[in-house]
Every structure is written in structure tokens, then in C-alpha cells.
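To start, the structure itself, in C-alpha cells.
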Amino acid sequence: MRKAMLLLAIFGLAGSLWAADPSLGTWKLNIAKSKFPATVQAPKEQTLVKRELGADQFELAITGVNADGTPLSAKMTHAQQGGVVSGLSADIMAVLTTVAPGESLTTFLQNGKQVQMHHNIVSKDGKTMTQRIKYTDDKGQLVDYVGIWDKQ
């Protein structure tokens, strides 16, 4: 009986740890620490807010200013454990896979073809999120850069 209770307690703790997602909150892109290739113009600023909408839904809201001065604003939602991301344009689909609390992979598809991949990892102390983005540009060249986000 004690072993059964201990086993249930361990599973209960593991479930509550999984539910506590360290990527929730407000994040600001640290442009100075981010690594942009020469072919990518760094935005002037970006802020990402990830919040829980309900028991199994998260919302991502990105705001900022692009390199050319135009405003950036987007909202999307996804299930806590991943799945199809909603709120994108009609011709783009994204699938988010939750690897572990604070780590996710998002694959972007256009007309059924993979066009971009994001890999996000929150640091163990919860203060920094590293976002690696890979895609092929219009010239067929692989673009690979790293964005460093600071928790606000």
C-alpha cells in the first residue's frame, strides 16, 4: 500500500511539474545578444507574451517594430501539449510539439511544404529563452539564426 501511495505521489508531482510551463510570461528580444546572419535584418524591437487561456490553451502575442520601421503584431493559440497553431494566415499552417516544459519545436508549412522551423528552449533559471530559427530563403540559401529573449 505504501508503494502504491508513493507511486501515485510521484506521478502527481510529475504531472504538476509538466503543467508549470516556464515559457509563460512576457519576453523581450535581446537584439544585442541575438545572432542574425547578414541576410536577415534584425527588428528594432520585439515583445512576446505567452499566457494561459484555459486548462489546455495558450495564447502567443508578438508585438514590435520591424527593421524598416513597420509595426509587427500577431496573435496565435495552441494547445498546452502542442498541436496545430491557429491564428496564422490562410496559406500557412504551423504545428507545435512540446518536447518538455520550456522546450518546443514549431514547424511551419506552406502549401504542405515545410518552410520554417523554430526551436525554443527556456534556460533552467527561467530568465532566458533561446529561439533557433531555420528556413530556406527566396534564393534557396539556408538561413539559421538565434534569438535571445529575456524574461520581463
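Computed from the coordinates by the stated procedures, all read-outs in this text should not be read as laboratory data. This is a predicted model, so every value here is computed, not measured. Because the Cβ atoms are built from the backbone with ideal geometry, glycine has one as well, and the counts that use them run over all protein chains shown.
Figures for the structure shown
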| read-out | value |
| --- | --- |
| Segment Thr97-Ala32, extension gain: residue separation times 0.36 nm, minus the distance between their alpha carbons | 20.6 nm |
| Candidates per trypsin sites (Lys or Arg not before Pro) in the stretch 56-138, loop by DSSP, up to 16 other Cβ within 10 Å | Lys124, Lys127 |
| D_trans [Stokes-Einstein, Kirkwood Rh over alpha-carbon pairs] for the chain, 37 °C, 0.692 mPa s, µm² s⁻¹ | 194 µm²/s |
| Potential extension, Asn66-Lys113 segment - 0.36 nm per residue separation minus Cα distance | 14.3 nm |
| Order of Phe36, Phe58 under a 10 Å beta carbon neighbour criterion, fewest first | Phe36, Phe58 |
| Label-point gap, in nm, between Arg132 and Val146 - each point 7 angstrom along Cα→Cβ | 0.8 nm |
| Among Asn30, Asn111, Asn120: highest mean-square fluctuation, GNM of the chain, C-alpha pairs under 10 Å | Asn111 |
| For the stretch 115-138 versus the stretch 60-102, the gap between their alpha-carbon centres in whole angstrom | 12 Å |
| Using a Förster distance of 41 Å, the FRET efficiency for Lys139-Arg51 (Cβ separation, nearest 0.05) | 0.65 |
